[in-house]
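Heads up, the thing below is written out as structure tokens.
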Amino acid sequence: MNDRLTEQLYESLLETLHIVGVSGAWTLLGGLVLGVILYVTSKTGPRPLAVVNAPLGLAVNIGRSAPFVLLMVAVVPLTRAITGTTIGTEAAIVPLAVASIPFFARLVESSLLEVQPGLIEAARSMGASTPALVWRVVLPEATPGLIRGFTVTLVAVVSYSAMAGIVGGGGLGDLAYRYGYQRFETEYMIWPLVVLVVLVQLFQILGDRGARTLDRR
């Protein structure tokens with residue numbers, strides 16, 4: 001690996017970490033909120049409310065099923081309105097968050113639904129309100145599953161970020177595409193791939209370790 005490639009690889013890695021970090025933070029916040037609402041208003045949730053759950057679930061399903069490449073194009077007006085541009089690392093964050101929030105929201109809902117009904121009934125019998133039930137019982141019990149779900153989502157975000165590089169989103173995907181694919185420089189194709197694989201493995205190891213540490217079962 002020559003010095004020029006090392007420098008470009010380092011800069012692209014920082015761009016990827018920035019993209020994944022910011023979009024991951026928005027995904028954690030937005031997905032957690034949506035997932036909790038889906039759980040609370042579901043048929044087996046503390047406050048079943050089909051008028052909220054049905055349209056919200058449909059919107060989440062649409063967001064999950066849309067191919068990321070098409071989604072990037074569909075949210076161009078939103079991206080331009082938020083960032084003032086449609087090219088670069090900041091612009092890539094918007095479609096990444098839009099794509100990953102619904103994905104994580106479903107994983108959050110699934111994790112919350114797996115909490116033992118006995119614990120919920122015990123909290124209800126002691127007069128716990130719905131907010132107290134969710135924040136003091138359900139979320140703490142579901143924390144290991146939430147961490148695993150967020151780890152899976154973060155891995156998907158890394159993959160999406162590489163895809164965003166093809167349309168000028170910056171990061172390792174952009175480096176591999178511009179130099180490795182368009183200029184046929186093999187090193188520029190291989191090394192970004194290696195770094196992305198290492199990054200994914202690191203996220204997975206940290207996520208698994210965090211989930212095991214907080215698992216009280």
Subject >> Selection count, segment 62-93, where residues are among the hydroxyl-bearing types (Ser, Thr, Tyr), touching a helix residue (DSSP H, G or I) at 6+ places or on another chain (Cβ under 7 Å) and either at pLDDT 85 or above or under 19 Å from Thr27 (Cβ atoms) (or both) >> reply: 3
**OP:** Identify all residues within segment 163-192 that are at pLDDT 85 or above, surrounded by fewer than 23 Cβ atoms within 10 Å (Cβ to Cβ) and in contact with a Leu (Cβ under 8 Å, 6 or more places away or on another chain); write none if there are none.
**Re:** Trp191
Original post:
Can you tell me which residue in segment 60-93 is most open to solvent (accessible area, probe 1.4 Å), limited to those that are touching a residue at least 60 places away in the same chain (Cβ under 8 Å) and closer than 20 Å to Val152 by Cα?
Top reply: Val69
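Okay, residues lined up against (1) modelled with pLDDT of 90 or more; (2) touching a His at 6+ places or on another chain (Cβ under 8 Å); (3) surrounded by fewer than 22 Cβ atoms within 10 Å (Cβ to Cβ):
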{"site": "Leu96", "(1), (2), (3)": "yes, no, no"}
{"site": "Ile101", "(1), (2), (3)": "yes, no, no"}
{"site": "Arg106", "(1), (2), (3)": "yes, no, yes"}
{"site": "Glu109", "(1), (2), (3)": "yes, no, no"}
{"site": "Arg124", "(1), (2), (3)": "no, no, yes"}
{"site": "Ser129", "(1), (2), (3)": "no, no, yes"}
{"site": "Ala132", "(1), (2), (3)": "no, no, yes"}
Original post:
Among the residues of segment 33-46, is there at least one that is of a type in the set (S, T, N, Q), in contact (Cβ under 8 Å) with a residue 60 or more places away in the chain and either farther than 24 Å from Ala156 by Cβ or open to solvent by 70 Å² or more (accessible area, probe 1.4 Å) (or both)?
Top reply: yes
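Residue-by-condition table, conditions (1) over 23 Å from Val33 (Cα atoms); (2) outside any helix (DSSP H, G or I); (3) out of contact with any Gly (no Cβ under 6 Å at 6 or more places or on another chain):
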| site | (1), (2), (3) |
| --- | --- |
| Val152 | no, no, yes |
| Ser159 | yes, no, yes |
| Gly165 | yes, no, no |
| Leu175 | yes, no, yes |
| Val195 | yes, no, yes |
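The values are calculated or read from the model by the stated rules, or taken from the named source; none is laboratory data. Computed from a predicted model, the values in this text were never measured in an experiment. Positions of Cβ are backbone-derived with ideal geometry, glycine not excepted, and every protein chain shown enters the neighbour counts. Keep in mind that these areas ignore ligands, DNA and RNA; they rest on the heavy atoms of the full protein, side chains included. Shrake-Rupley method; radii C 1.70, N 1.55, O 1.52, S 1.80 Å.
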